[in-house]
Amino acid sequence: MIEQDSAQIATEPVAAAQQHAAPVHHKGWHSPAQIMSWLPETATPWQQDSALRANYQYEEKDWLHMPNPMRTPTTKADPKFTGNFTKPMYHSHSLVQPDSIYRPEYAIYRRGVAGDPVPYSIAGDSIVTSILLFCFVIASIAIANAGHFLERQLKYFFRPPHEGTTVVTETSSEMRFQFFLVAQTCLLLALIVFISSNDFAKESFSIAHYQILGLFTAIFAGYYVVKFLLYSIVDWVFFDKKKNVQWMKSFLFIIAAEGILFFPVVLLAAYFHLNVGNVAIYTFAVIIIAKILSFYKTYLIFFARNAAILQSFLYFCALELMPLGILWGVLMMTDNYLKAIF
């Protein structure tokens with residue numbers, strides 16, 4: 001009985017205050033402080049809550065579709081979650097998300113300090129390696145099938161031509177093989193120049209390595225085409241057709257032999273790191289021997305019967321040494337132009 005009386009006494013003031021608290025209703029927007037000022041000082045918390053609910057207008061917000069306050073104002077709203085946890089979400093939750101330079105996906109998995117990049121080398125270039133392997137395979141097959149052609153040309157190269165000698169006509173497959181060796185010579189000379197220039201200049205070239213190799217190859221191909229045209233014009237003016245054919249065959253044979261001799265040094269320089277100085281010595285030695293053989297062959301074909309040694313020197317200097325000097329100047333200008341401009 002005593003407990004029931006005490007509980008009844010405790011609840012009576014609350015019930016009386018709730019009964020005497022009249023609800024207050026006012027139109028318009030009012031702050032919570034204004035609403036609390038309308039109530040008497042004896043208002044209970046239940047009365048204050050009832051008055052706030054009746055007079056204060058709460059703004060309903062969908063917080064799932066509200067913009068992220070941690071982003072900058074220029075960014076778009078966050079995309080709705082689709083349930084795919086594999087897509088990284090840090091792209092749209094960054095404070096500097098509109099900045100195109102800030103790319104966290106490239107640095108989030110990086111560990112340690114970045115080292116120096118590995119320099120370019122032909123040994124690590126799969127395309128150039130494939131081209132060299134292709135040249136080696138095709139040249140091996142061609143030599144195996146047309147070895148007698150090279151043997152016949154080598155035998156007749158050092159033999160003085162006679163007036164009554166019949167000119168041996170090459171087949172179409174032999175001519176294709178010889179032109180392939182000429183194209184291989186242009187490519188190998190371009191690789192030698194590129195290796196030498198890359199060793200001295202390192203990574204100063206800004207254009208692609210394939211473009212540099214293609215440019216050097218085109219320069220050497222143009223050099224041989226110009227020489228072929230010069231020989232054709234001069235020999236057609238001063239000599240007969242038979243001698244012109246003999247010299248053109250010897251000219252192509254010398255270029256093809258240069259390509260065969262250049263192949264080992266290119267492989268040694270590219271894959272066994274042969275010293276560039278030794279590569280240059282070997283290359284100049286092969287070129288000098290080729291020029292000596294050219295002088296010897298032009299003398300035998302055109303000037304041996306007349307013993308015109310002076311005309312032979314003039315012919316050799318005009319059609320061999322001058323184009324070679326122009327080629328050297330073009331290569332140096334191209335190399336300097338690529339380093340200075342690009």
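The values are calculated or read from the model by the stated rules, or taken from the named source; none is laboratory data. Just so you know, these numbers come straight off a predicted model, no measurement behind them. Note that each Cβ is placed from the backbone with ideal geometry, even for glycine, and that neighbours are counted across all protein chains shown. Quick note on the areas: whole protein, heavy atoms, side chains included, nothing else; ligands and nucleic acids left out. Shrake-Rupley method; radii C 1.70, N 1.55, O 1.52, S 1.80 Å.
A few comments on the model shown:
- Scanning the stretch 278-327 for residues that are open to solvent by 40 Å² or more (accessible area, probe 1.4 Å), not polar (S, T, N, Q) and not in a helix (DSSP H, G or I) returns Ala304, Arg305, Ala307.
- Filter result for Leu274 (more than 25 Å from Ser312 (Cα to Cα) and modelled with pLDDT of 90 or more): no
- Among the residues of the stretch 204-251, just one is of a type in the set (Lys, Arg) and modelled with pLDDT of 90 or more, namely Lys227.
- Filtered residue count, the stretch 223-235, keeping only those that are over 17 Å from Gln311 (Cβ atoms) and in contact with a helix residue (DSSP H, G or I) (Cβ under 7 Å, 6 or more places away or on another chain): 4
- Hey, Asp240 of a type in the set (Asp, Glu) and in contact with a helix residue (DSSP H, G or I) (Cβ under 8 Å, 6 or more places away or on another chain) or not: no
- Of all the numbered requirements in (1) modelled with pLDDT under 75; (2) of a type in the set (Phe, Trp, Tyr); (3) surrounded by 14 or more Cβ atoms within 10 Å (Cβ to Cβ), Phe200 misses one, and that requirement is (3).
- Residue satisfying all of: in the stretch 15-44; open to solvent by less than 40 Å² (accessible area, probe 1.4 Å), part of a loop (DSSP other than H, G, I, E, B) and of a type in the set (A, V, I, L, M); modelled with the lowest pLDDT among these: Ala21
- Scan of the stretch 172-195 for residues that are at pLDDT below 85 and open to solvent by less than 40 Å² (accessible area, probe 1.4 Å), ordered by number: Glu174, Phe177, Gln178
- Of Ile141, Ile127, all but one fail to be under 18 Å from Leu188 (Cα atoms), in a helix (DSSP H, G or I), at pLDDT 75 or above and of a type in the set (A, V, I, L, M); the exception is Ile127.
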